[in-house]
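The values are calculated or read from the model by the stated rules, or taken from the named source; none is laboratory data. None of these values were measured; they are calculated from a predicted model. Note that each Cβ is placed from the backbone with ideal geometry, even for glycine, and that neighbours are counted across all protein chains shown. Side chains included, ligands, DNA and RNA excluded: accessible areas come from the protein's heavy atoms. Shrake-Rupley method; radii C 1.70, N 1.55, O 1.52, S 1.80 Å.
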Amino acid sequence: MSEKPPGGLGRRRFLRVAGTTAVSAVAAGSGVVGDASPAARQATRPGDARPAPTAEPGPVALPGTRAAALPERLLPGDSSWRLRRYGPADAIDGYCDQVSVLPGEPVGLHASTTADRFRVTAYRMGWYGGALARRVWRSSWIKGRRQAPAEVAHATRTAHAGWDRTLSVPTDGWPEGAYLLRLDADHGPQRYVPLVVRSATAAGKTVLVHAAATWQAYNRWGGYSLYYGEDGRYDSRSLAVTFDRPYDKVGVRKFLIHERAVVELAERLGIPLAYTTGVDLETGGQVLDGATAVFFLGHDEYWTPGLRRRVTEARDAGANLAFLGANTCYRRIRLERDGRLVVCYKTAAAEDPLYGKHPSLVTTDFRADPAPDPESSLTGVYYDGFPADAPYVVTAPRHWVFAGTGVRHGDSFAHLVGVEYDRVTPGVPTPRPLEILSHSPLTCAGRPSFADSAYYTTPEGAGVFASGTMRWTEALMAGTRDSPEAHGIDARTRRFVTTVTTNLLTAFAEGPAGTHRPPPKDNVRKIYG
């Protein structure tokens, strides 16, 4: 998120049988995915008064098949993963001493609670026949201990816990994936601690990148984030934030709202997946070698120069890229203290110790001085501002990403654009040819503008898609148990976004989209003059 609106304008095909089966399963649930009959397409055309089916597919039962022989995504799940009671702020809290681990590596958990005892349950997030999570481990009851309150390093206003380690959590036998460790106090309060069991290699797979640095940037535990200080003012915000503290409600919601639904859909489809975080790509970018696609899931604002360089190299080697949110790759950050500290001076860039020494490492917006390098050269779109709330308007209905949706030129989807958005801005570095897929008029802080979805390909064949709106991944859950309101986004919009995202996941998993899907038809001049 920007503190103020910026100046405005200013690869390998997987098994087709498995893929077809998975897509058919999704079709049963969404009502619009796949090769629907003409009648079905007619019934789900935007604006049709007749509702499309909304039932979700149930768990898959294979008689005589042992559970251990089933794919991970089809194992029995546990729908009790959700928090039931939050309780007082200090009731129970915790954090891991690593953002991610490889399968089998233990992770230290640091916890504090007012309860006499508590326990930890690890849930792997995914499809699981609609349960959306599977319990993979549970601790015994552990004696509770209340640890010290937050401490603040005043030079950078960094709130940290510095708690003693409570226990070591084993991950033996845990599959790669996104996890929530749920802490349960014996008197009821619960908390989540996110953890990624990352992949060592992504060759032949679609990589889901979790935005841990962005989670932490918005985390206000201890009174400070990269946005606000203890007094609620921007000027007293942190200049660096640490992973050595729990997440507050906002911090953990960055995973729950902006990322979890993509994990569920991707696993439901059965495409080969790999998992990592942007923090890990800074130090271990080789995981992207041979990847078919890389997906950034919803709100991935804070990037290191190393992360950007490795993603660009992956694209130039033929890996497809998808940016499902907005405001992606907007802030340039630096990781210190073995990756535990996220440094970003933002508008106080002149105070960064590297200012005047290493311009390309100064922590401010990528587009800003002293070494401007706008995100648009990678994403194809340019962050334009917030707040916004506007309909998403289709411009290129025949584009392959819209297959199965039945959309026509000018069809719109209320509230899908927001709260932050991107647009194509011809005056900044932008790959060409580039096709604008949606062009949505809006007003942001009194200023008229547009939000755009866009698609381009590279000479190596990589396809790159950007949704241009931060509500894209939220829409995947709109009107469901986990997001009953979601800004007023309705079931029709949820089906539309699910279909388009399914098209992206399945097509991008086949290899460089530029080699097996129609090329973009550059329409930038037509739309923007």
Quiz item: Hey, got a sec? Which chymotrypsin sites (Phe, Trp or Tyr not before Pro) in segment 134-176 land in a DSSP loop and have at most 16 other Cβ atoms within 10 Å?
Solution: Trp141
Quiz item: At each listed q (0.19, 0.22, 0.26, 0.27 Å⁻¹), what is the log10 of I(q)/I(0) that the Debye formula gives for segment 419-491 modelled as equal alpha-carbon point scatterers?
Solution: -0.87, -1.01, -1.16, -1.20
Quiz prompt | Fraction of the pair-distance distribution of segment 253-391 above 20 Å, Cα-Cα pairs, percent | solution = 51
Exercise. With a/c under 1.5 counting as rounded, go ahead and sort segment 381-504 into rounded, prolate or oblate using the C-alpha gyration tensor (a ≥ b ≥ c being the square roots of the eigenvalues; past the cut-off, prolate if a/b is larger than b/c, else oblate).
Key: oblate
Practice problem: With a 1.4 Å probe and every protein chain kept in, tell me what percent of the accessible surface of segment 70-217 is carbon plus sulfur. | Solution: 49
Quiz item: Once every DSSP H run of n ≥ 4 in the chain is given -39500 (n - 2.57) and the sum is divided by its residues, what mean residue ellipticity at 222 nm do you get, rounded to the nearest 500 deg cm²/dmol?
Solution: -5000 deg cm²/dmol
Quiz prompt | Net charge dipole size for the chain [Lys, Arg +1 and Asp, Glu -1 on Cβ; Debye, nearest 20] | solution = 1000
Quiz item: Any idea of the accessible area per residue across segment 91-202, 1.4 Å probe, to the nearest Å²?
Solution: 37
Exercise. Specify, per residue and in Å³, the volume enclosed by the convex hull of the alpha carbon atoms belonging to segment 119-226.
Key: 161
Exercise. Take every Cα pair under 8 Å in segment 371-495 that's 6+ residues apart, average their separations, divide by the length, and report that relative contact order as a whole percent.
Key: 26
Quiz item: Just the Cα atoms of segment 458-529, one point each, no solvent: what log10 I(q)/I(0) does Debye give at q = 0.27, 0.28 Å⁻¹?
Solution: -1.13, -1.16
Practice problem: Equivalent ellipsoid semi-axes for segment 103-167, as square roots of 5 times the alpha carbon gyration tensor eigenvalues: give them largest first, rounded to whole Å. | Solution: 29, 18, 12
Quiz item: Semi-axes, largest first, in whole Å: what does sqrt of 5 times each Cα gyration tensor eigenvalue give for segment 220-319?
Solution: 30, 18, 10
Exercise. Towards the positive end of the charge dipole of the chain, with charges on Cβ (+1 Lys, Arg; -1 Asp, Glu), say which of Ala462, Phe295, Leu74 has the farthest Cα.
Key: Leu74
Quiz item: For the chain, what ratio Rg/Rh do Cα atoms give with a Kirkwood hydrodynamic radius?
Solution: 0.95
Exercise. Hey, can you find the accessible area per residue of segment 271-409 for me, probe 1.4 Å, expressed in square angstrom?
Key: 32
Quiz item: Considering the Cα trace of segment 257-296, what is its radius of gyration and what is Dmax, both in angstroms?
Solution: 11.2, 30
Self-check item: Residues of type lysines that Lys249 reaches as a straight line, Cα spacing below 29 Å, ignoring anything fewer than 8 places off in the same chain
Solution: Lys4, Lys143, Lys346
Exercise. Whenever you get a sec, compute what percent of the accessible area on segment 425-470 sits on carbon and sulfur atoms (1.4 Å probe).
Key: 62
Practice problem: Compute the distance in nm between two label points, each set 7 Å from the Cα along the Cα-to-Cβ direction, one at Arg253 and one at Ser360. | Solution: 3.8
Quiz prompt | Accessible surface, segment 466-529, averaged per residue in Å² (probe 1.4 Å) | solution = 37
Quiz item: Any idea which of Leu208, Leu273, Tyr234 is furthest toward the positive side of the dipole for segment 169-325, if Lys and Arg beta-carbons carry +1 and Asp and Glu beta-carbons -1?
Solution: Tyr234
Quiz item: At q = 0.15, 0.17, 0.20 Å⁻¹, what log₁₀ I(q)/I(0) does a Debye calculation on the Cα points of segment 363-427 give, no solvent, two decimals?
Solution: -0.64, -0.77, -0.93
Exercise. With an 8 Å cut-off on Cα pairs and a minimum separation of 6 or more residues, tell me the relative contact order of segment 411-476 in percent.
Key: 37
Quiz item: Of all the Cα-Cα pairs you can form in segment 325-455, what percent are over 24 Å apart?
Solution: 41
